[in-house]
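Since the structure comes first, as structure tokens, the remarks are kept for the end.
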Amino acid sequence: MQALAYSDNIYAVKTHVLQEPESLIEAAETAGIQSPLAPNMSLALGASDVGIMEITNAYSPFANGGARVTPRLIERVEDASGNVLLETEPEREQVYDERYAYMMTSMMKQIFNPQMNDYTSVTGHSISHLLQRPAAGKSGSTPNDNWMIGYTPNLITGVWVALMTIRRSTIKSTGKSLNAFGFSH
């Protein structure tokens, strides 16, 4: 639990080494990841490209008792008189045992728990005093970017901040070349 609170990634890698490489991919796909993931040791560190919306949504089973929830951009629309013009219901699919979701949430709450501080501070220490309700989350970083996915019982939010420069590049995929403008860190 402390390793997760500190974002001490060596334990994620060690856990991944003790499992079949495909098991992490299966767990990610169950959570809703659709991007291709390579079965290598660096996958435990987030070494595959997954967009912020996709990874944020993959946390929904942990926030919803094991149920994956399809994101909704519009929940309800009313006219000026208060008449409901549109109302949507979330699409839910139970993908994990509720007990596993509870355990993950319990561990991810610790990133905001200053009582976990020991050889370093928990990753959410700088904002933990601002929280007014139970919250859980996970953060990550490279030399060029930072991300945070957090959730409360009612909301999941993902934030990605990166140093980006625009450059012209050649992308090779499935044997074909394509000139494209891309972002690089």
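Things worth noting here:
For (1) over 22 Å from residue 7 (Cα atoms); (2) of a type in the set (S, T, N, Q); (3) within 13 Å of the chain's Cα centre (by Cα), each residue gets a yes or a no:
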| site | (1), (2), (3) |
| --- | --- |
| 28 | no, no, yes |
| 37 | no, no, no |
| 45 | no, no, yes |
| 49 | no, no, yes |
| 52 | no, no, yes |
| 56 | no, yes, yes |
| 59 | no, no, yes |
| 63 | no, no, yes |
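- Selection within segment 107-133: residues that are surrounded by 12 or more Cβ atoms within 10 Å (Cβ to Cβ), under 22 Å from residue 65 (Cβ atoms) and not aromatic (Phe, Trp, Tyr). The member of this set that is nearest to the chain's Cα centre (by Cα) is 108.
- Residues (under 18 Å from residue 69 (Cα atoms), of a type in the set (A, V, I, L, M) and free of Cβ contacts under 8 Å to residues at least 24 places away in the same chain) located in segment 134-160: 155
- The residue of segment 14-44 that is nearest to residue 92 (Cα to Cα), among those that are of a type in the set (A, V, I, L, M, F, W, C) and touching a His at 6+ places or on another chain (Cβ under 9 Å), is 24.
- For beta carbons closer than 9 Å, sequence separation of 6+ or different chains, a first residue in segment 86-97 that is more than 13 Å from residue 75 (Cβ to Cβ) and a second that is loosely packed, with under 13 Cβ neighbours inside 10 Å, the qualifying pairs are 92/70; 93/70.
- Listed here are the helices (runs of 4 or more DSSP H) enclosed by segment 1-91 that have at least 2 residues being surrounded by fewer than 17 Cβ atoms within 10 Å (Cβ to Cβ): 2-6, 10-17, 21-31, 52-57.
- Any hit, segment 162-170, residues being modelled with pLDDT of 80 or more and out of contact with any Pro (no Cβ under 9 Å at 6 or more places or on another chain): yes
- Residues (in contact with a strand residue (DSSP E or B) (Cβ under 9 Å, 6 or more places away or on another chain) and in a loop (DSSP other than H, G, I, E, B)) located in segment 92-126: 95, 96, 123, 124
- Yes/no for residue 56 being in contact (Cβ under 8 Å) with a residue 60 or more places away in the chain and among the hydroxyl-bearing types (Ser, Thr, Tyr): yes
This table checks each residue for (1) without any contact (Cβ under 8 Å) to a residue 24 or more places away in the chain; (2) hydroxyl-bearing (Ser, Thr, Tyr).
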position: 1; (1), (2): no, no
position: 9; (1), (2): no, no
position: 14; (1), (2): yes, no
position: 20; (1), (2): yes, no
position: 39; (1), (2): yes, no
position: 51; (1), (2): yes, no
position: 60; (1), (2): no, yes
position: 70; (1), (2): yes, yes
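- Matching entry among 178, 86 (being of a type outside the set (Lys, Arg), more than 19 Å from the chain's Cα centre (by Cα) and modelled with pLDDT of 85 or more): 86
Every residue, every condition in (1) over 19 Å from residue 158 (Cα atoms); (2) at pLDDT below 90; (3) out of contact with any Ser or Thr (no Cβ under 6 Å at 6 or more places or on another chain), yes or no:
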position: 5; (1), (2), (3): no, yes, yes
position: 13; (1), (2), (3): yes, yes, yes
position: 45; (1), (2), (3): no, yes, yes
position: 48; (1), (2), (3): no, yes, yes
position: 52; (1), (2), (3): no, no, yes
position: 57; (1), (2), (3): no, no, yes
position: 62; (1), (2), (3): no, no, no
position: 67; (1), (2), (3): no, no, yes
position: 71; (1), (2), (3): no, yes, yes
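- Matching residues in segment 97-146 - criterion: being farther than 13 Å from residue 4 by Cα, at pLDDT 90 or above and in contact with a Phe, Trp or Tyr (Cβ under 8 Å, 6 or more places away or on another chain): 101, 135
The values are calculated or read from the model by the stated rules, or taken from the named source; none is laboratory data. What you see is a predicted model; the values in this text were computed from it and never measured. Note: ideal-geometry Cβ built from the backbone for every residue, glycine included; neighbour counts use all protein chains shown.
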